[in-house]
Each structure stands twice: as structure tokens, then as C-alpha cells.
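Below is one structure, written out as C-alpha cells, with a few remarks after it.
The values are calculated or read from the model by the stated rules, or taken from the named source; none is laboratory data. Note that the structure is predicted; figures quoted are calculated from it, not measured. Glycine also receives a Cβ, built like all others from the backbone with ideal geometry; neighbour counts cover every protein chain displayed. Only protein heavy atoms, including side chains, enter the accessible area calculation; ligands, DNA and RNA are left aside. Shrake-Rupley method; radii C 1.70, N 1.55, O 1.52, S 1.80 Å.
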Amino acid sequence: MPLENVVEAHNLVKTFGDIRAVNGVSYSVKKGEIFGILGPNGAGKTTTIRITIGLIAPDEGEAYIMGYNVHKEAVKARSFIGVVPEISNPYVDLTVWENLMLIGGIYCVPKKVRIERAEKLLKILEIYKIRNRKVKSLSKGMRRRLLLAMALISDPDILFLDEPTSGLDIISARVIRSLLLKLKEQGKTIILTTHNIDEAGMLCDRIAVMNKGEIIALGTPEELKIKFREYTRILLCFNREVDTRIIKKYFKPYETIIQGRRLIIVCKLRDLVNILNQILHIVKLCNLSIEEIQTSGLSFEDVFIRLIREE
């Protein structure tokens, strides 16, 4: 009978000195999901992943991959996974191709399969043309693509990614995101941590939001947005820049973002009429004109910020 959840974590706890990095974290991931763990720096995301894949032992709790306990049945559990940590490097004195052949050999991938798979991965990740270059000559984005290829050379069922596009240029980030969506179509399960809120909302089927070592919200991006459906986002564009002091004076109770001539206000729907009246007052007071005005529901970034602030 197929497993309902291919990854499970139960009440994970991990303390480093006086700091409780992970405090009772539980989550599960179904086959074929892209599951995101999102949170600010120090939220406990990386520690949670490292416990889940068996790199460090929890003080309390247990983690399972494909039904195998990652600490008691480590070899069996790890045979199903590929991992791309946030900070890692391929062997810098080897070429791109040599790194892939080495890792494929370690995972006992037959030579013919290893070669075919490596060629396919390098082409998908758009680094096939540099396969004979040494890693030490590559950019960060190219190394990141190679690390992903190395994690996939054994054709794992489950892929763990820690900040997969952190610090990458737009092209490399897009190549990696495109591959992750293709892997999902193939039935692969992906667990990723990220600071990139838009990326999480775009890629993930479900998201766990962490803060201070705990999961404070869990659901689909749409479900997380519903929690704040009583809020609205107003975008204004004036004919010239507005004095920041005036904005702060009239909109002190509200969240505002000033970007040159653009003003964004986040408020509750019940305050919308009052906000619009204040805007008209400022327009008259400062002799401004409004070139654009839009209202919309909260973006996923707005939702994330409010979740952290509420918690």
C-alpha cells in the first residue's frame, strides 16, 4: 500500500546552548508535492531540514523518509533523497563532468545510465557547453546548477533544497525554478527552504511559515491569504514625490511603503473610505494629482509579513 506521506517529522526539538533553534516542529509531505518552509533569518528552517535528512540528531522527536526512521534506518532513508544545501561546493579542481561522474559512481549508478543522465541534466540546466571546465572557474549561479545536477544524478524520489536560488542572478534562478516544476510533473517530491517569498508563492503547493523555531502557519498560499482577506492593498502613483513626513502624519496607524512617486498602503477594508478621504485631503493640501490608483488583496509578501508580526 503506497505511503500517504513520503516525509514526516514529529515534534522535532533541537537546542544549541541556550538557543532552542527548533521547538516542537511537526509536518508531513505527500508524494509529488513542492513543500516550502519559509521564515526570516534564524527561524529554524535549515536546522529542521538537517534533522529531517538525518544530518543532525534531534534532542526530541523523530523524522521519517518513505517510512524509514532517518536516524535508526539512515542508509535506507537516505537512499531515497537528493540534497542541495545552502552552503556547499562541488570539487573545485574537477570539471563539471568529472563531478557528476564521481557522484554517480558513489551512488552506484551504472556507467551508461550515469552518462545519459548527466548529459540530460546538464542540457536542462543549460551548462552542457561548460561540462569540461573546472568548477573553480565557474560563477556562483553555474555552481548552483551543477550542485542540483549532482543531487539528481541518482534519480532520487525526494529532493531537499536549502535556499536553492539564494544570491543567484535572474537567469540562473529561473532555470532552477523551471527544472523544479518539471520534476514535480514527473512525480518527484521537493522540500525547499527559502527567503524568497514570491518564489515560495509561485512554486509551492503548501507552505509552512516558521518563526523562532516554531511553525506558526501551514497551508496553501491561497489558504494563508484567506486569513487576511479583511485587508486590502492600495497603490497610488502621484505626479511627483510626496513629503514622507506628511504620509507618516496622516497614515500613522497603517503600514505604508513609499517608493518615489508611488505610495502603497495596507489597511483593513473597513478603513478604506477613511483612507481615500485622507488621500484626497493630501492631494489638495500638496497640490498633487493622482496618475494611478489600484486596490487589491494582499500579496503573499504582505501575508508573510503580517504572519510574522502577529506571531
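Within the stretch 186-255, the ratio Rg/Rh, alpha carbon atoms throughout and Rh by Kirkwood, equals 1.13. The lysine pair count for the stretch 47-123, using Cα distances under 19 Å and pairs eight or more places apart or on different chains, is 4. The residues of the stretch 269-311 expose, per residue, 65 Å² of accessible area to a 1.4 Å probe. Stokes-Einstein diffusion for the stretch 239-311, with the hydrodynamic radius set to the Kirkwood value over Cα pairs and evaluated at 4 °C in a medium of 1.567 mPa s, equals 97 µm²/s. Grab the stretch 175-297 and count how many Lys pairs have their alpha-carbon atoms under 21 Å apart, sequence gap of 8 or more, or different chains. Number of lysine pairs found: 9. For the stretch 1-117, the solvent-accessible area of protein heavy atoms averages 53 Å² per residue (probe radius 1.4 Å; ligands and nucleic acids excluded).
Taken over the alpha carbons of the chain as equal point scatterers, the Debye sum produces base-10 log I(q)/I(0) values at 0.16 Å⁻¹ of -1.23.
With contacts taken as Cα pairs under 8 Å and at least 6 residues apart, the stretch 87-140 reaches a relative contact order of 53 percent. A 1.4 Å probe, protein heavy atoms only, puts the accessible area of residue 109 near 10 Å². Which angle between 0 and 90 degrees, to the nearest 10, do you get for helix 272-285 versus the longest principal axis of the chain when only C-alpha atoms count? The helix 272-285 is inclined about 60 degrees to the chain. Panel note: the C-alpha atoms of the stretch 85-159, placed on their principal axes, show extents of 29, 24, 21 Å (largest first). Sorted from longest to shortest, the spans of the Cα atoms of the stretch 1-88 along the three principal axes equal 43, 25, 25 Å. The residues neighbouring residue 92, those whose beta-carbon lies less than 12 Å from its own, together hold a net charge of +2 under the Lys/Arg +1, Asp/Glu -1 convention.
Each 5 Å bin from 0 upward holds the following percent of the Cα-Cα pairs of the stretch 155-198: 5, 21, 31, 26, 14, 4.
Computed over all pairs of different Cα atoms, the Kirkwood value for the hydrodynamic radius of the stretch 101-237 is 17.1 Å. Return one number: the angle in degrees, 0 to 90 and rounded to the nearest 10, between the long axis of the Cα atoms of helix 140-152 and the longest principal axis of the Cα atoms of the chain. So the helix axis and the longest Cα principal axis differ by about 50 degrees.
Across the chain, Cα pairs under 8 Å and at least six residues apart give a relative contact order of 19 percent.
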